[in-house]
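S.K.: Below is a structure I'd like to ask you about.
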Amino acid sequence: SGSINNVYNDYANKINNDPSFNVLSYISSHDTALCRGDLIYQGSAFQLLPGAIQIFYGDESARPYVSSSINGVKDHLLRSDMNWNSMDQNVLKHWQKVGQFRKNHVAVGAGTHKAITATSGTAFAREYNKNGVNDTVFAVIAASKNTNVTLTVGSYVSDGTLLKNTYDDQTATVSGGKVTFNS
């Protein structure tokens with residue numbers, strides 16, 4: 001997960017500085033493969049990508065591969081029916097939560113990107129300041145479970161600023177340029 005900041009930075013720099021660059025990212029498709037494994041991490045890493053994203057049906061619910069009986073055509077393995085009756089509710093709720101964060105913050109997809117220091121996981125800030133719209137977000141992915149994570153945010157917000165962890169609605173006040181939330 002440490003190199004994810006390099007990918008985020010590369011995408012954000014191109015989006016913000018190269019008018020000919022455009023990107024639509026996906027992690028699964030009907031032609032390649034289904035991204036499976038740790039779909040909590042994948043849901044965060046993918047939905048926090050700069051640029052546009054496309055969620056392939058079932059990534060958000062852990063839709064499984066299916067057996068293909070159509071003359072060995074492997075891409076049918078990727079095109080199963082939606083798993084309406086067997087959705088992984090933990091994965092679905094996580095993808096919905098991160099998706100709402102993305103929807104509510106233009107900085108996620110269109111902002112400038114900068115890695116910031118955190119005591120656990122991979123952390124970054126995104127800022128969007130254009131045409132009278134100002135949005136700054138901080139995010140951490142792949143932090144150790146149920147641990148306090150301290151972020152260095154002093155270059156973006158001043159001491160005394162109240163910040164909200166939109167994942168669990170907890171709030172904390174910036175002090176000494178830092179803020180701490182439980183992962």
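The values are calculated or read from the model by the stated rules, or taken from the named source; none is laboratory data. Nothing here was measured: the structure is a model prediction, and the numbers come from that model. Here Cβ is always computed from backbone atoms with ideal geometry, including for glycine, and neighbour counts include all displayed protein chains. Protein only, heavy atoms only, side chains kept; ligands, DNA and RNA dropped before computing areas. Shrake-Rupley method; radii C 1.70, N 1.55, O 1.52, S 1.80 Å.
S.K.: Provide the per-residue ³J(HN,Hα) series for segment 19-24, in order, calculated from phi with Karplus coefficients 6.51, -1.76, 1.60 and θ = phi - 60°, each as a whole number of Hz, with x at glycine and proline positions.
M.R.: x, 8, 8, 9, 9, 10
S.K.: Further question: Please give the charge dipole size of the chain, origin at the Cα centre, charges +1 on K and R Cβ atoms and -1 on D and E Cβ atoms. Round to the nearest 20 debye. Intermediate results must be reported in sequence, preceding the final value.
M.R.: Values: 15 positive and 14 negative charges, 24 e Å.
The calculated dipole for the chain is roughly 120 debye.
S.K.: Can you list the residues, at least 5 places off or on another chain, whose amide H is less than 5 Å from the amide H of Thr119, using H built in the peptide plane?
M.R.: Distant-sequence amide H within range of Thr119: Thr150.
S.K.: Here's a follow-up. For Asp88, Asp38, Asp135, write out the residues from largest to smallest accessible area, computed with a 1.4 angstrom probe and no ligands counted.
M.R.: Numbers: Asp88 60, Asp38 90, Asp135 25 Å².
Per-residue accessible area, sorted high to low, gives Asp38, Asp88, Asp135.
S.K.: State whether segment 93-162 is rounded, prolate or oblate according to the following rule on the C-alpha gyration tensor (a ≥ b ≥ c being the square roots of its eigenvalues): a/c under 1.5 gives rounded; otherwise a/b larger than b/c gives prolate, and the remaining case gives oblate.
M.R.: Numbers: a/c = 1.99, a/b = 1.20, b/c = 1.66.
Since a/c reaches 1.5 but b/c is at least a/b, the shape of segment 93-162 is classed as oblate.
S.K.: Right, next: Using just the C-alpha positions of segment 1-40 as equal point scatterers, what log10 of I(q)/I(0) does the Debye formula give at each q in 0.14, 0.22 1/Å?
M.R.: Normalising to I(0) and taking log10 leaves -0.47, -0.88.
S.K.: Please give every one of the lysines within straight-line cross-link reach of Lys103, meaning a C-alpha to C-alpha distance under 18 Å, and leave out same-chain neighbours fewer than 8 residues apart.
M.R.: Lys93, Lys130, Lys164
S.K.: How many angstrom lie between the C-alpha centres of segment 12-45 and segment 102-119?
M.R.: 15 Å
S.K.: Taking the highest mean first, how do the peptides 165-177, 89-101 order by number of other beta carbon atoms within 10 angstrom per residue?
M.R.: Working: 165-177: 13.0, 89-101: 15.8.
Final packing ranking: 89-101, 165-177.
S.K.: Can I ask one more? In square angstrom, rounded to the nearest 10, how much accessible surface does Lys114 have for a 1.4 Å probe?
M.R.: Ignoring ligands and nucleic acids, Lys114 comes out at about 110 Å².
S.K.: Excluding residues on the same chain fewer than 8 positions from Lys14, give the aspartates and glutamates whose Cα lies under 16 Å from its Cα.
M.R.: Straight-distance partners of Lys14: Glu127.
S.K.: Taking H placed 1.01 Å from N in the peptide plane, check which residues at least 5 places from Phe56 or on another chain put their amide H under 5 Å from its amide H.
M.R.: Ile27, Ser28
S.K.: For the charge dipole of segment 88-183, defined by +1 on Lys and Arg C-beta atoms and -1 on Asp and Glu C-beta atoms about the Cα centroid, which residue among Tyr156, Ala139, Thr173 has the Cα displaced farthest towards the positive pole?
M.R.: Ala139
S.K.: Among Leu39, Leu163, Leu49, whose mean-square fluctuation peaks in a Gaussian network model of the chain (Cα, cutoff 10 Å)?
M.R.: Fluctuation is largest for Leu163.
S.K.: Roll a 1.4 angstrom probe over the protein heavy atoms and tell me the percent of accessible area of the chain that is carbon or sulfur. Can you show the working numbers first?
M.R.: Working: 4920 of 10290 Å².
Of all accessible area on the chain, carbon and sulfur atoms account for 48 percent.
S.K.: Would you mind working out the accessible area per residue for the chain, using a 1.4 Å probe, and quoting it in Å²? Please list the in-between numbers first.
M.R.: Working: 10290 Å² over 183 residues.
I get 56 Å² per residue for the chain.
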